[in-house]
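**Q** Okay, handing you the structure first.
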Amino acid sequence: MQYFLTVVIASKRPVSVRFILPETLKCSDFEPAYEALADFTAASEAYRAAMMWRESLSCASSASLPEHEVSDLAESLLETLLETKDFISAAIISLEYLQDLARAARLYCKAYQFSEATRIIGFRRRPELLDSVVDPGLVESSGAVTELLADCRTQLAAQIPRLRELRLMKLDDPRKTARTGRMGCRLTNQYSCIL
């Protein structure tokens, strides 16, 4: 794809500059060039490829794309954000571009943003979603936190006896501990531990 842009430089003479912007190149430096050329459709696609969802949707709106194409772009960006676990950005897209309040509230709950979920539900006057979306989200995150605490407890139970053993070794033979370094690790290039 080739574009020509006329630029007025300091000498006030117009100079024609040729841009060659390949479609396959996904470098984030080209999006502003597409915008400067008023090719908002290409800029939107370039921003989408660079994972810059706000700019992509902004350019899609500026390009006067049909509503279904903007919705398809928003759905595609939402799926990508879900893969990267950016639940807050996905919730914003779901609410503002797809008008899916229930999904947005669910995504805010996944991001532990319960106050935002209840705020948007209250603002849109849909209190039934508190019981069907926020309450299950609270139960799910409570389960996740409980599971995390159980994992931490298991790790502590496994590590504390070893730490006690290493401290006793240090008290019994301080010279041996000094030769091997802190907590029984030999001071070699590989940093191997004698655990």
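The values are calculated or read from the model by the stated rules, or taken from the named source; none is laboratory data. Not measured: the values here are computed from a predicted model. Note: ideal-geometry Cβ built from the backbone for every residue, glycine included; neighbour counts use all protein chains shown.
**Q** Identify all residues within region 101-112 that are crowded, with 18+ Cβ neighbours inside 10 Å and either touching a helix residue (DSSP H, G or I) at 6+ places or on another chain (Cβ under 6 Å) or over 27 Å from HIS68 (Cβ atoms) (or both); write none if there are none. Give the steps one after another, and end with the answer.
**A** Just the residues of region 101-112 that are crowded, with 18+ Cβ neighbours inside 10 Å, to begin with: 101, 104-111.
Selection gives ALA104, ALA105, ARG106, LEU107, TYR108, CYS109, LYS110, ALA111.
**Q** If I ask for residues that are assigned to a helix (DSSP H, G or I), among the aromatic types (Phe, Trp, Tyr) and under 21 Å from ALA117 (Cβ atoms), which ones from region 43-100 would you list? Give the steps one after another, and end with the answer.
**A** First pass over region 43-100, keeping only residues assigned to a helix (DSSP H, G or I): 43-49, 53-62, 67-83, 87-96.
If we keep only those that are among the aromatic types (Phe, Trp, Tyr) too, we end up with 47, 53, 87.
Within region 43-100, TRP53, PHE87 meet the criteria.
**Q** Just give me the residues in region 48-58 being more than 19 Å from LEU107 (Cβ to Cβ) and at pLDDT 85 or above, in sequence order.
**A** Matches in region 48-58: ARG48, MET52, GLU55, SER58.
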